[in-house]
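The values are calculated or read from the model by the stated rules, or taken from the named source; none is laboratory data. Predicted model only: the values in this text are computed from it and were never measured. Positions of Cβ are backbone-derived with ideal geometry, glycine not excepted, and every protein chain shown enters the neighbour counts. Ligands, DNA and RNA are excluded from the accessible area calculation, which covers all protein heavy atoms including side chains. Shrake-Rupley method; radii C 1.70, N 1.55, O 1.52, S 1.80 Å.
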Amino acid sequence: MIARQIVPGIDSLVALDWDRKLFDELVPLHDGTTYNSYIVRGSEKTALVETVYPPFTADYLKALRQAGLTRLDYVIANHAEQDHSGSIPAVLAAYPEARVVTNARCRDLLIDAMGIAADRFITVKEGDTLSLGNRTFQFYLTPWVHWPDTMVSYLVEDKMLFTCDFFGSHLASSDLLAADEARVYTAAKRYYAEIMMPFRMHIRKHLDKLSKLDIAFIAPGHGPAYPRPAFILDLYARWASDEAAPEVIVPYVSMYENTTHMVNHLVDRLMEGGLSVRPFDLVGADTGQVAAALVDASTVVFASPAVLAGPHPDVVAAAYLTNALKPKVKFAAVIGSYGWGGNVVSNRIAEMLSGLKNQVTFFDPVLTKGKPNEDDFKAIDRLVDEIVTANQPMLATAAAD
Ligand code: FEO
């Protein structure tokens, strides 16, 4: 780990976890991840913003020493999760004069998780400031990006915003800055889908609050930093909005190819209708890819055979994930095949999407007994007509853009 200068007096230390495959034993990682910490030196005081994930603590302390950090006044903790705060106890031991600066919710979580002594904290509220001499931090509470404790720290004179999870990307890269915006776009969208999407409404409020700040640089806790903040701010504004794209996601499993035939017919007809379509065979699928596809999509069609009085378990998991991630999806349907008792497939999936029922219109399911016949394909055609008609306003908007 090395310290790299962003501007004089502000260094970035990035713990590169190149090969991590799973985050929180839940989120699949496509490109590893990073844990970013920042050294901010003022004329009188020095602060760290975030620390790193515990397995990197020894390297981190060494890098701090190599960066010439002989005295530390503050550790600013924007979020209590261990990937950012896990090295705080070691930092406090190495720098006995340092105190942790954070909000009350984060302080309590840090005490619970790591037993840090209460007198090592300075507790801040919305709008409070912390002077380093010629540099000043100002703190803004941004709960639920990603836990209820999250906040952001604005360095007033440098117009630099430290955001921890907010605006991050799980992307291990030697690039300190998001120079390759196409690459960062993909990683940031996936990260948004997996981590941030359930908190869309909170994000909108936070974006509104941040729009009042003059931000020249965003320094997140994961992935490359943003020297052009509008890049990620505009993306978040779009992703968190209610504006969906005329896109149909089709998560499916097929056991005897009956469902596959139905999915293929559906996909062809939807494409003829001018819609963007993305089927996902869920067997062995990368769920992060499915989540990312849900960020903009207007429509989701689950396709499943009946298995043991319900949908295939992989489709159940996809429906559960969709419900939990709370995408902006507006239309949903179920198709599939069964040997006996077909309604269990559509009923169970509709139940699993109960969290979306106030925003989603469900079209009638198309369920075939065994191999789909001509009437079944006509039923899919009728479903496609409904989906295309429902998406007309979005198609018109896309054509006008
Ligand atoms: Fe990167 Fe919520 O921790």
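Mean-square fluctuation check for the chain, GNM, Cα pairs under 10 Å: which of ASP180, ASP314, ASP59 is largest?
Result: ASP180 has the largest fluctuation of those listed.
For ARG228, ARG65, give me the order by solvent-accessible area with a 1.4 Å probe, most accessible first, ignoring ligands, DNA and RNA.
ARG65, ARG228
Of LYS209/LYS326; LYS125/LYS205; LYS189/LYS209; LYS212/LYS326; LYS21/LYS159; LYS209/LYS328, which sit over 25 Å apart, Cα to Cα?
In this structure, LYS212/LYS326; LYS21/LYS159 exceed 25 Å between Cα atoms.
Students often forget the sequence filter, so: which aspartates and glutamates lie under 14 Å Cα-Cα from LYS371 once same-chain residues fewer than 8 apart are removed?
In chain and number order, the partners are GLU257.
Indicate, rounded to the nearest 5 percent, the antiparallel portion of the DSSP beta bridges found entirely in the chain.
Details: 31 of 69 bridges.
Taking every DSSP beta bridge with both residues in the chain, the antiparallel ones total about 45 percent.
Scan the stretch 234-273 for GluC sites (Glu not before Pro) in coil per DSSP, keeping those whose Cβ has at most 15 other Cβ atoms within 10 Å, and list them by number.
Qualifying residues, ordered by number: GLU243, GLU257.
Lysines near LYS378 by alpha-carbon distance under 19 Å, same-chain residues fewer than 8 away left out - which ones?
Here the lysines satisfying the reach criterion relative to LYS378 are LYS369.
Near the amide H of ILE122, under 5 Å away, which other amide H atoms are found, from residues 5 or more places off or on another chain, if H is placed in the peptide plane?
So ILE122 has HN proximity to VAL100, VAL101, THR102.
Taking the Cα centre of the stretch 49-92 as origin, sum charge times position over the Cβ atoms of Lys and Arg (+1) and Asp and Glu (-1), and report the length of that vector in debye to the nearest 20. Walk me through the numbers before you get to the answer.
Values: 3 positive and 5 negative charges, 53 e Å.
Once rounded to the nearest 20, the dipole reads 260 debye.
Going by amide H atoms built from the backbone, whose H comes under 5 Å of the H on ASP17, apart from near neighbours?
THR33, THR34, TYR35
Just want to confirm a number: the relative contact order over the stretch 1-138, from Cα pairs under 8 angstrom separated by 6+ residues, in percent.
Relative contact order for the stretch 1-138 comes out at 20 percent.
Note down the relative contact order for the chain as a percent, whole number, built from C-alpha pairs under 8 angstrom at least six residues apart. Write out the running numbers ahead of the final one.
Details: 833 pairs, mean separation 45.4, N = 401.
Rounded, it is 11 percent for the chain.
Let me check against my output: what whole-number percent is the relative contact order of the stretch 197-248, with C-alpha pairs under 8 Å and at least 6 apart?
Value for the stretch 197-248: 37 percent.
Using the Cα centre of the chain as origin and beta-carbon charges of +1 (Lys, Arg) and -1 (Asp, Glu), tell me which of LEU235, ASN134, GLY310 is placed farthest towards the positive end of the dipole.
ASN134
Which percent, to the nearest 5, of DSSP beta bridges fully inside the stretch 101-226 are antiparallel?
65 percent
Taking all protein chains in place and a 1.4 Å probe, what share, in percent, of the accessible surface of the chain do carbon and sulfur account for?
That share works out to 53 percent.
What ranking of SER254, SER87 comes out by heavy-atom accessible area, probe 1.4 Å, highest first?
The most accessible residue leads, giving SER254, SER87.
Roll a 1.4 Å probe over the protein chains and send me the accessible area per residue for the chain in Å². Each step should come with its number before you reach the end.
Numbers: 16720 Å² over 401 residues.
Using a 1.4 Å probe on heavy atoms only, each residue of the chain averages 42 Å².
Quick one: of the DSSP bridges fully inside the stretch 10-145, what percent are antiparallel, nearest 5?
DSSP beta bridges in the stretch 10-145 are roughly 65 percent antiparallel.
With runs of 4+ DSSP H residues as the only contributors, calculate the mean residue ellipticity of the chain at 222 nm using -39,500 (n - 2.57) per run, divided by the residue total and rounded to the nearest 500.
So the calculated ellipticity at 222 nm is -10000 deg cm²/dmol.
Protein chains only, probe 1.4 Å: how do HIS261, HIS30 rank by accessible area, largest first? Intermediate values should be presented prior to the final figure.
Working: HIS261 80, HIS30 125 Å².
From most exposed to least exposed: HIS30, HIS261.
Probe 1.4 Å, all protein chains in place: accessible area of LEU69 in Å², nearest 10?
Result for LEU69: roughly 10 Å² accessible.
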